[in-house]
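Okay, structure first, notes after.
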Amino acid sequence: MNSKEKNVQPFILITILFLCFLTVLMQGVPALAHIPREVIWNGCIFMLLSLFLIFLFLYRKGKLTEERTVLLIIAAGMVLHCCYVLLSGLYDRQHDEGVYTGIATSQVNPGHIGYIEYIYKFRKLPDINPYQLFSYYHPPLHYALAGIWLIFLTSLGMPEELAFENLQVLPLFYSGLLMLLTYHILKKTGACGKPLFTGLLLVALHPSLTIMSGSVNNDMLSTLLLACCIYAVLCWIREKTLKNLIFIALSIGFGMLCKINTAIIALPIGLLFLIDFVGAVRRQEGNIFSRVWLSMKHYLLFAFLSGFIGLSWIVRNLIRFHVKPGISSATEASVMYTGDYGLWARIGIPAFSHWHFSFPFHPLSGDVIHNTWVIMFQTSLFAEVYPTELSGLPLLLCRFAYPLAIITALASAILFLAVQYRKWKYGTAKPTAITLKMAITTDVQKQEAIFLSTGYLAFLLSFAAFSIKYPYTCSSDFRYIVICLLYIAIGLSDSGRLYPEKSRASMLSRIVRIAVWCTLVLAAIIYMAWNQW
C-alpha cells in the first residue's frame, strides 16, 4: 500500500462508517423509522447529486485526483446501498430467510433469521443437529456476529423489531469494506486512472452487490473474506513472507467458517504453492535442503491454521451429530427441480428462445427456465424477482439492459482471460522500450496471471458442478459466484495498462469498459424508475 492509498483510506472508512451509522439511526430510532419512503428517496438522490456536483467542481478546478475520484465512487456506491437497505424490509428479496418470534418465546425458528435469532435468544451456538432445521448447516461465523449485533442493539434500548431490521447493516458494512478492498486489490495489480475507476465502479454499482448489501444471509461476508484471500495472495506473490502466508491462511480459514464453498479458492492457491515449491527445489543458490525444509514448514503452518479454523465446524458436527458436510436441498417435487432435463439443456449453450428477452426475469419454475447460464444472467441483474405487473418504460429498459448485460459480461470475461494470458506471456520476458509499458516483466506477473485465471475458472466450473449436483433453479443464482465480479474488475483495470495505446486490442478493451459503464448506469436508472425498493 503506497502513501496515497494510506492517505485516502481513513476518509473512505469514515464515509463507510458514517453512512452505516446513519442507517442504524434511520432504522433503529422509532421516530426516524417511520419517515416516508419519498423522503428517503429524495434524500438519497440529493446526496448522489451532491457527489456529482463535487466531482464536477473538482474537475473544473483541476483538483480531481485519483484518490478523490475513488472516494467519490465508493461514497456513491455506499449511498446507493444505504438507500436499498432503508427502503427494503427485513423479508424483502431474501433467500431462505425464515422467521423470528422474539426473545419472549423459546421457539426455535428455521432459516437465516431463525439461525441468528437462536444465538441472540439463547446466547450460544445451536445445540441441535444442523440438518434438523433449514439453513442451520451453514458455518456459524456470520450468524454469531449478527447475533452479537442484535444483543448489542437491544442492550442499548432499541426495540427488538427495529433491531432485527438493522441486521441489514452488517452486510451493508461488509459491502463498503469490499469496495475499499477492491480498490487496494486493483492498485496492487498496477491499475490507475480511468481503467481503475471502471473496475471499482463495477463493484460499487453492480445490482447484485446492491441486493446483497441488504441480504441477511452469509453471502456478503463470505464474498468479503474471499476478496481478503485474493488480496493476501497478491501480497504474498510480491513478498513471500511468513506474515503474508498467515494472512492467506486466516482469510481462507475464516472464509470457510462463514461459508464452506469459499474453499474453492484453495485450488488456485495450492497450484501457486506447488509452482513456488518447484521453484525452490530448482533454485541453484544456497542449500537445497534448507530451502525445501523452510518451504515445508511454511506450508504446514498454512495448512494447520486454515484447516484448524476452516474445518472446525465440520469436525464439530461429525463428532457431535455424526453428520457429513452438505446442504439441505429440496425434493424432486419442488417447482424449482430441473433434474428431469438433460445435461446440455441445463449447462449447455441456451437456444435463443430460452433467454426470454421479452420478459427477462427469473420465475423460479424449472419447467419455465432450467438453463444455468440464463438463470445466472437474470439473477445477476434482477435477483429472484418476477414482477408480473411490470410494464411501460421500466419493462422496456429491462428488455434493453438484459442483452446489453449479457454481451458486456461475455466480452469482459474474454477480456479478463486475454489480459491474464498477456501477463503470463510477458511475465519472464526481458523488458524493452516497446514491452516496458505493456507488462511488468517479472515472475510476479506470471504467478499473478496463473492465480487469477485459475481462480476465475475454478469458481465458474464449481458453479456449473453445483447446479448439476443440486438440480434446482435456486442453485444457479448469480450470488454464488458474485466474487467473479472482482476478477472481471481486475481484467477491466489491467486492460488499460497492458495494451499499447493505439493498438486494436486497446481500442476493443476501451469499448468493453464503455459498455460496462453504460450497463451499470442503465441498471441504476432501472431500479430507480422501477421503484422496486
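The values are calculated or read from the model by the stated rules, or taken from the named source; none is laboratory data. Note that the structure is predicted; figures quoted are calculated from it, not measured. Don't worry about glycine lacking a Cβ; one is built from the backbone with ideal geometry, like all the others, and counts go over all protein chains shown.
Overview of results
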item	result
Residue tally, condition part of a helix (DSSP H, G or I) and within 17 Å of I375 (Cα to Cα), over the range 316-350	5
Residue under evaluation F289, criteria (1) at pLDDT below 95; (2) surrounded by 13 or more Cβ atoms within 10 Å (Cβ to Cβ), criterion not met	(2)
The range 359-397, subset part of a helix (DSSP H, G or I) and among the aromatic types (F, W, Y), residue nearest to Q94 (Cα to Cα)	F382
Residues (within 23 Å of V203 (Cα to Cα) and either without any contact (Cβ under 8 Å) to a residue 40 or more places away in the chain or among the aromatic types (F, W, Y) (or both)) located in the range 379-400	F382, F400
Candidate set: the range 35-81, residues that are at pLDDT below 95 and among the small types (G, A, S); chosen: the one nearest to N7 (Cα to Cα)	G62
Number of the condition not met by G157 [criteria: (1) touching a residue at least 24 places away in the same chain (Cβ under 8 Å); (2) outside the structural domain of W313 (by the TED database)]	(1)
Matching residues, the range 487-506, being free of Cβ contacts under 8 Å to residues at least 60 places away in the same chain and touching a Phe, Trp or Tyr at 6+ places or on another chain (Cβ under 9 Å)	S506
Selected residue (only one of F357, F304, F321 is more than 30 Å from L274 (Cα to Cα), aromatic (F, W, Y) and outside the structural domain of A405 (by the TED database))	F321
I185 being under 16 Å from A489 (Cβ atoms) and either touching a residue at least 60 places away in the same chain (Cβ under 8 Å) or among the β-branched types (V, I, T) (or both)	yes
Candidate set: the range 409-434, residues that are hydroxyl-bearing (S, T, Y) and assigned to a helix (DSSP H, G or I); chosen: the one modelled with the highest pLDDT	S412
Number of the condition not met by T338 [criteria: (1) over 22 Å from Q132 (Cα atoms); (2) without any contact (Cβ under 8 Å) to a residue 60 or more places away in the chain; (3) of a type in the set (S, T, N, Q)]	(2)
Residues of the range 271-286 satisfying the condition of being surrounded by fewer than 13 Cβ atoms within 10 Å (Cβ to Cβ) and within 30 Å of the chain's Cα centre (by Cα)	L274
Pairs, first in contact (Cβ under 8 Å) with a residue 40 or more places away in the chain in the range 119-135, second surrounded by 17 or more Cβ atoms within 10 Å (Cβ to Cβ) and polar (S, T, N, Q), C-beta under 6 Å, six or more apart	P130/N317
Some residue of the range 230-244 being among the hydroxyl-bearing types (S, T, Y), within 26 Å of L498 (Cβ to Cβ) and modelled with pLDDT under 95	no
So M78, is it free of Cβ contacts under 8 Å to residues at least 60 places away in the same chain, crowded, with 17+ Cβ neighbours inside 10 Å and out of contact with any Phe, Trp or Tyr (no Cβ under 6 Å at 6 or more places or on another chain)	no
Tabulated pairs, the range 404-425, first within 18 Å of A191 (Cβ to Cβ) and in the same structural domain as G496 (by the TED database), second part of a helix (DSSP H, G or I) and aromatic (F, W, Y), C-beta under 7 angstrom, 6+ apart or interchain	F416/Y456; F416/Y487
Which listed residue is under 27 Å from H206 (Cβ atoms) and basic (K, R), from K259, K297, K240, K324	K259
Residue that is surrounded by the fewest Cβ atoms within 10 Å (Cβ to Cβ) [pool: residues in the range 160-188 that are more than 17 Å from I483 (Cα to Cα) and not hydrophobic (A, V, I, L, M, F, W, C)]	E161
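Listed here are the residues, each with its yes/no results for (1) surrounded by fewer than 22 Cβ atoms within 10 Å (Cβ to Cβ); (2) under 22 Å from the mean Cα position of the chain (by Cα); (3) in a helix (DSSP H, G or I); (4) among the β-branched types (V, I, T).
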site: S493; (1), (2), (3), (4): no, yes, yes, no
site: R497; (1), (2), (3), (4): yes, no, yes, no
site: E501; (1), (2), (3), (4): yes, no, no, no
site: M507; (1), (2), (3), (4): yes, no, yes, no
site: I511; (1), (2), (3), (4): yes, no, yes, yes
site: V516; (1), (2), (3), (4): no, yes, yes, yes
site: T519; (1), (2), (3), (4): no, yes, yes, yes
site: A523; (1), (2), (3), (4): no, yes, yes, no
site: M528; (1), (2), (3), (4): yes, no, yes, no
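Residue-wise test of (1) under 19 Å from the mean Cα position of the chain (by Cα); (2) of a type outside the set (K, R); (3) more than 19 Å from I314 (Cβ to Cβ).
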{"position": "E97", "(1), (2), (3)": "no, yes, yes"}
{"position": "P110", "(1), (2), (3)": "no, yes, yes"}
{"position": "I113", "(1), (2), (3)": "no, yes, yes"}
{"position": "R123", "(1), (2), (3)": "no, no, yes"}
{"position": "Y136", "(1), (2), (3)": "no, yes, no"}
{"position": "G157", "(1), (2), (3)": "no, yes, yes"}
{"position": "P171", "(1), (2), (3)": "yes, yes, yes"}
